[in-house]
Amino acid sequence: MILAGRKILITGAASGIGRATAALFRAEGAAVALVDRDWGSGGAGEEDGVFRYTCDVTGEDSVNETVAAAERDLGGLDGIANCAGISLRKPLEDISLADWNGVLGVNLTGPYLVCRAAVPALKASGKATIVNVCSGASFRPTYHFSAYCASKGGLLMFTRAIAFDLAADGVRVNAVCPGVIDTPMIERAVARAPDPDAAIARFKANAMQRYGTPEEIAKVILFLSSDASSFVTGSAYSADGGLTYH
Ligand code: NAD
């Protein structure tokens, strides 16, 4: 139980990587505040040590209120895992300003708002962590992915910049950079592709020739959220089957 007694807020917790992270963190003893804008049919049940909030991470007021409620319900905050994100694959000339602002809003402004709201509680913890889910696209472009790449490149540099700012207060801040992971985000991308089989082949074109699983990314987030990574801050951990060699 390497997170016993820890109190951690996870965004994007209704699906994919965030959902797997929530399950692993619970199994490792953390109390968790689970945040998503859409719980679908899941998340209705109550459980000890699990609090759920419906919140759009792009809204300043909703984020401030949700982080305050999580801090109150958990009795403090020792960590954040920013997993909420959206994807957009379009050629530049088709990316509307609303598309652009939508992607930047969820993937970059969202983590900024959550981190900013949580910083006083994280500093008070004295031994806190932030993990931002970036992407292989933080380092390496792929075709028709400019808004997403800009958002994830920005999130990686935001991660490093606040790691520098918060180190003296005992807050470690790191990024995990997944390759292609088998989640509903990728299912939707395959379904939208003009040639789904070609899209799957392209998505699996890493050294290991397969998708990653959400649980494999959750384990990296767990490492970065635990004392096992006590001298790690400002780092980008690639978990991508050898896609980027970062
Ligand atoms: P997913 O679509 O399965 O889950 C994303 C979750 O974020 C959903 O539950 C969704 O409701 C929530 N969300 C979206 N916008 C939100 C908002 N404005 N406010 C609150 N919640 C919101 O996707 P996933 O694959 O699990 O992705 C998780 C993270 O991992 C994202 O940041 C994504 O960019 C990143 N990532 C995914 C992959 C991949 O291949 N799946 C690769 C690299 C990075």
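The values are calculated or read from the model by the stated rules, or taken from the named source; none is laboratory data. In this text, all values refer to a predicted model and were calculated from it rather than measured experimentally. Heads up, the Cβs are rebuilt from the backbone with ideal geometry, glycines too, and the neighbour counts pull from every protein chain shown. Only protein heavy atoms, including side chains, enter the accessible area calculation; ligands, DNA and RNA are left aside. Shrake-Rupley method; radii C 1.70, N 1.55, O 1.52, S 1.80 Å.
Of all residues in the range 92-118, which are open to solvent by less than 70 Å² (accessible area, probe 1.4 Å), among the hydroxyl-bearing types (Ser, Thr, Tyr) and in contact (Cβ under 8 Å) with a residue 12 or more places away in the chain?
Correct list: THR109 only.
Restricting attention to helices (runs of 4 or more DSSP H) lying wholly within the range 144-246, give those where 1 or more residues are of a type outside the set (Gly, Ala, Ser) and under 15 Å from the mean Cα position of the chain (by Cα).
By residue number, 146-166, 184-192, 214-225.
Can you confirm whether the range 78-91 contains a residue that is hydroxyl-bearing (Ser, Thr, Tyr), under 15 Å from the mean Cα position of the chain (by Cα), farther than 15 Å from ILE10 by Cβ and open to solvent by 20 Å² or more (accessible area, probe 1.4 Å)?
yes
Could you run through the range 31-73 and say how many residues are among the hydrophobic types (A, V, I, L, M, F, W, C), open to solvent by 20 Å² or more (accessible area, probe 1.4 Å) and modelled with pLDDT of 95 or more?
Of the residues in the range 31-73, 4 are among the hydrophobic types (A, V, I, L, M, F, W, C), open to solvent by 20 Å² or more (accessible area, probe 1.4 Å) and modelled with pLDDT of 95 or more.
Being more than 8 Å from the ligand (Cβ to nearest atom) and either farther than 30 Å from LEU122 by Cβ or touching a helix residue (DSSP H, G or I) at 6+ places or on another chain (Cβ under 9 Å) (or both) is the filter here; which residues of the range 168-188 pass it? Full working, then the answer.
Step one: of the range 168-188, the residues more than 8 Å from the ligand (Cβ to nearest atom) are 168-176, 187.
ASP169, GLY170, VAL171, ARG172, VAL173, ASN174, ALA175, VAL176, GLU187, listed by residue number.
Quick one: which residue in ALA236, ALA218 is within 14 Å of the ligand (Cβ to nearest atom), open to solvent by 10 Å² or more (accessible area, probe 1.4 Å), at pLDDT 95 or above and small (Gly, Ala, Ser)?
ALA236
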